[in-house]
Amino acid sequence: MTSFDDRERAAEAKFVLDGETQFRVTARRNKLAGLWAAGLLGKTGDAAEAYAREVIRADFEEAGDEDVIRKLSADLGDKASAADIRARLVELEAEARQQILAG
């Protein structure tokens, strides 16, 4: 084995780990967004957790965040604009990343 092979394997492993981490961060962000929206909708406890799971599932409809934004916009109506939702997702992504990396 050469050092080039070792570096290539290390780069591939890092790429996979980064992808897995981003998936976990996005799922956590969507859960946090679901809990935030549930609060705006007056849901608490198990109902809030169930709604958060719905938001997580909504992200599997298509690539990107538009499916989540559509769901939240439809459910929240005039309680939050699409711009508000997008801004909240950015904030929650940072929070989710911090939580995931902290373990």
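The numbers here are math on the coordinates, done by the rules we state, and not lab data. Keep in mind the model is a prediction, meaning the values are calculated, not measured. Every residue, glycine among them, receives a Cβ derived from its backbone with ideal geometry; neighbour counts consider all protein chains shown.
Quick notes on this structure:
- Highest-MSF residue in the chain out of 59, 84, 46 [GNM, Cα springs under 10 Å]: 46
- Inter-label distance, residue 81 to residue 46: 3.8 nm, where each label sits 7 Å from its Cα along the C-beta direction.
- For the residues 54, 62, 91, a GNM of the chain with alpha-carbon springs under 10 Å puts the largest fluctuation on 62.
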